Amino acid sequence: MIPMVIMNERSLGIFKNVYTMKQKPAKTDDIPTQVKNPDLVERRRRQIVDAAVNLFVEKGFHKTTTRQIAQAVGFSIGSLYEYIASKEDVLYLVCESIHTEVSKGMEEAMTRTKQGGNALAEVIREYFLVCHRMSDFILLIYQETRSLPPQWQKQVLENELRITGLFIEVLAQLVSSGDLKLDEQSIELAAHNISVLGHMWTFRRWYLGRHYTIEDYIEHQTKFILGLFR
């Protein structure tokens, strides 16, 4: 059973601040480019990501060539290398894009409702729906992150923690308002549990998809999660 300990406002604030300090939005400035116009770089890299993610899902990272990526975008191979330096750069851009999409959906859900258990249920729902829509892409991150250089692996893991930090924020707000009674450790573990349950739909959809719709899965898992806090 989760310990029912009330955090005081000061300790709760410190906990949220310390955890948030670990979660800095990913940056792609360190990826070399020969183009000086940042808006153009962003647009072209968006095109590269859109083409590459489908190739990586279909063929796998190692069997996809930069020439195939260039052809899918409609670039020459020389033009492609104006915006990235390696295939690993493309993989990192893909991972960063996926995390951005997940974070965006959750943050939008957080702005729609701010009160009581409904806030947590709404964020869980949006997160699970995003995991459903992006199942192939989330699986790609887990399969291919090891192919990244150490600095990009670190960024990908930090992005994962940043998403978990959004659940921590919702849970901490509920504790602060008196709707939940949890200590710091329980908040953190609960947030990681929710994050993993979303990914479980990706990893085990070969079975779950035959027995549950995504709406069924959301309903049952939300009841399970909220039931732990009663």
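The values are calculated or read from the model by the stated rules, or taken from the named source; none is laboratory data. Just so you know, these numbers come straight off a predicted model, no measurement behind them. Cβ placement follows ideal geometry from the backbone for every residue including glycine, while neighbour counts extend to all protein chains displayed.
Determine which member of the set Thr202, Thr222 is hydroxyl-bearing (Ser, Thr, Tyr), touching a residue at least 12 places away in the same chain (Cβ under 8 Å) and closer than 30 Å to Ser86 by Cβ.
Numbers: Thr222 fails: closer than 30 Å to Ser86 by Cβ.
Thr202 is the lone residue from the list that is hydroxyl-bearing (Ser, Thr, Tyr), touching a residue at least 12 places away in the same chain (Cβ under 8 Å) and closer than 30 Å to Ser86 by Cβ.
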Hits in the range 69-82 - residues which are farther than 13 Å from Arg44 by Cα and surrounded by 17 or more Cβ atoms within 10 Å (Cβ to Cβ)
none
Could you check the range 184-194 and list, in sequence order, the residues that are surrounded by fewer than 19 Cβ atoms within 10 Å (Cβ to Cβ) and touching a helix residue (DSSP H, G or I) at 6+ places or on another chain (Cβ under 9 Å)?
His192, Asn193
Sort out for me the helices (runs of 4 or more DSSP H) sitting completely within the range 120-213 that have 2 or more residues that are under 26 Å from Glu88 (Cβ atoms), β-branched (Val, Ile, Thr) and modelled with pLDDT of 90 or more.
135-144, 150-177
Which count do you get for residues in the range 42-57 that are within 21 Å of the chain's Cα centre (by Cα) and exposed (fewer than 13 other Cβ atoms within 10 Å of the Cβ)?
2
Would the range 93-107 turn up any residue that is assigned by TED's automatic domain parsing to the domain that holds Ile218 and more than 30 Å from Gln221 (Cα to Cα)?
yes
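From the list Asp39, Asp89, which residue is at pLDDT 90 or above and either more than 24 Å from Gln153 (Cα to Cα) or over 20 Å from the mean Cα position of the chain (by Cα) (or both)? Lay out the reasoning, then the answer.
Numbers: Asp89 fails: either more than 24 Å from Gln153 (Cα to Cα) or over 20 Å from the mean Cα position of the chain (by Cα) (or both).
Exactly one residue qualifies, and that residue is Asp39.
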